[in-house]
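Here's the structure we're looking at; comments come further down.
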Number of protein chains: 2
Amino acid sequence: MPRAGLTADRVTLAGAELADEVGLDHVTMAAVARRLGVKDASLYAHVRGLEDLRGRIALLAADEKTIRIAEATAGRAGRDALVAFANAWRRYAHDHPGRYTATQIPTQIDPELLALAPGPRRAVELTYSMLRAYALDEPDLTDAVRLMRSMLHGFVSLEAAGGFAHARPAEESWVRGLDALHTLLEHWPARREGDPA
Amino acid sequence: MPRAGLTADRVTLAGAELADEVGLDHVTMAAVARRLGVKDASLYAHVRGLEDLRGRIALLAADEKTIRIAEATAGRAGRDALVAFANAWRRYAHDHPGRYTATQIPTQIDPELLALAPGPRRAVELTYSMLRAYALDEPDLTDAVRLMRSMLHGFVSLEAAGGFAHARPAEESWVRGLDALHTLLEHWPARREGDPA
DNA sequence: GGGGGAGCCTATAGATCCTAGGAAAGGTGG
DNA sequence: CCACCTTTCCTAGGATCTATAGGCTCCCCC
């Protein structure tokens, strides 16, 4: 009997594809095994279990998303870079909804696996280096990075959940939101009295 | 044998409590039944199934969150109202993590049930009426509402997923983020050429 | 070509979702 | 006060899923 050529990466990829097609929480060991033409017990040789698989999908998604953002922002600066960054983020979420939702799992990903994945760390670096163009000093820079990530993730997440239904097209609010974000970063407010240092 | 006194609302509440304790995706029909001292088959008389239960938990959470926000913002205006609104949102997410994640499900909630729940509609009204203090005209007002919701949800969501680990306390970034949001709303940028109407 | 390890299998146990049909509790009308 | 009927909850059971244990066979490497 010919071997299916399984691998942790191939199992993860099959799970990711399935997640995009039917939603992350319909990704099951049995379904992934069916898609690979294999019995479900065979998967456990490559992946610790369902939790582990979901964590691996999340890391795959983080890596892919980071790569897209890096490509989109390469050679750009300032406002152009910001828009390219944000659009790449949103487009990834649209293209891979299942993978994207995997990145939201508050689950404790296998730390050893996480240490190997370049995506998350690289994403932080990209964000910081892009925002450095706005001449913010710490700790404002960190706060701005977090604000931007919150806004992008929040928008994409609400959009996917149907939070912007039956009204002005989400696309237009997105464009205007990026305007607003850019303006905000250029005029980041000084600390008010009573604010944390 | 004494009756347990089940009801769709009681089942939903038990599910919500369980979600806060063990996480939304460990909320199972069997677990809810155990908590209520009942066999799992009994639940199906009150709730259509697991999907339906999750939708009901989401609506419960939306209602509760809206009530908290309404109470927090009552009698306040401008910056005070904004901060109270945001803090009530975040505090609800902290107090009820399982319920809060239920609100994120892109799931199609039973439309008939959704029509009865006052929470989601009321939340939109509250947000609009609060932001009206910033003198924005449509469509900017809608865009601002969406930006604010994105930022609040995104921050809370990333925070819960451990996205702000090992660095500046999330609390401080939150306070500064609200400063920034307030400033942004007061100086909402005009449309640039090429922006959507 | 002959180990030996890896890859995939069968078999099995336990948990879950959900349906079908039955028994009993509690209100209602005579 | 009793019979009825609706509602509530139960037992029984099928289908699907996660996960483990152990066996067979393919394929690489010496």
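Some notes on this structure:
- Placing a label point 7 Å from Cα along the Cα-to-Cβ axis, B:Glu171 is separated from the same position in the other copies by 4.4 nm, shortest listed first.
- Of the trypsin sites (Lys or Arg not before Pro) found in segment A:101-197, those in coil by DSSP whose Cβ has at most 15 other Cβ atoms within 10 Å are A:Arg191, A:Arg192.
- Using a probe radius of 1.4 angstrom, the carbon and sulfur fraction of the accessible surface of segment A:60-186 is 55%.
- Teacher prompt: B:Ala115 distances to equivalent labels in other copies, 7 Å Cα→Cβ, nm: 5.7
- Helix-only CD estimate at 222 nm, as mean residue ellipticity for the protein assembly as shown, using -39500 (n - 2.57) per DSSP H run (n ≥ 4): -21500 deg cm²/dmol
- From the Kirkwood radius over Cα pairs of segment B:61-186, Stokes-Einstein at 37 °C and 0.692 mPa s returns a whole-number translational diffusion coefficient of 214 µm²/s.
- Anisotropy class of the protein assembly as shown from Cα gyration tensor, a/c 1.5 cut: oblate
- In chain B, the beta carbon lying closest to the axis that superposes B onto A belongs to the residue given here with its whole-angstrom distance, B:Gly154, 1.
- Of the trypsin sites (Lys or Arg not before Pro) found in segment A:27-114, those in coil by DSSP whose Cβ has at most 12 other Cβ atoms within 10 Å are A:Lys39.
- In loop segments of segment B:119-197 as defined by DSSP, the GluC sites (Glu not before Pro) with at most 10 further C-beta atoms inside 10 Å of their C-beta are B:Glu193.
- Starting from the label point of A:Arg191 at 7 Å along Cα→Cβ, the same points in the other copies fall at 4.0 nm, in ascending order.
- Computed E for B:Ala45/A:Asp137 - FRET, C-beta separation, R0 56 angstrom, nearest 0.05: 0.35
- Spin-label model distance (nm) - A:Asp110 vs B:Ala30, 7 Å beyond Cα toward Cβ: 2.5 nm
- Dimensions of segment B:1-50 along the principal axes, based on C-alpha atoms and rounded to the nearest Å, stand at 32, 19, 17, largest first.
- Size of segment A:102-152 as Cα extents on the principal axes (Å, biggest first): 36, 20, 16
The values are calculated or read from the model by the stated rules, or taken from the named source; none is laboratory data. Everything quoted here is computed from the prediction, not taken from an experiment. A quick note on method: Cβ atoms are made from the backbone with ideal geometry, for glycine too, and the neighbour counts reach across all protein chains shown. Keep in mind that these areas ignore ligands, DNA and RNA; they rest on the heavy atoms of the full protein, side chains included. Shrake-Rupley method; radii C 1.70, N 1.55, O 1.52, S 1.80 Å.
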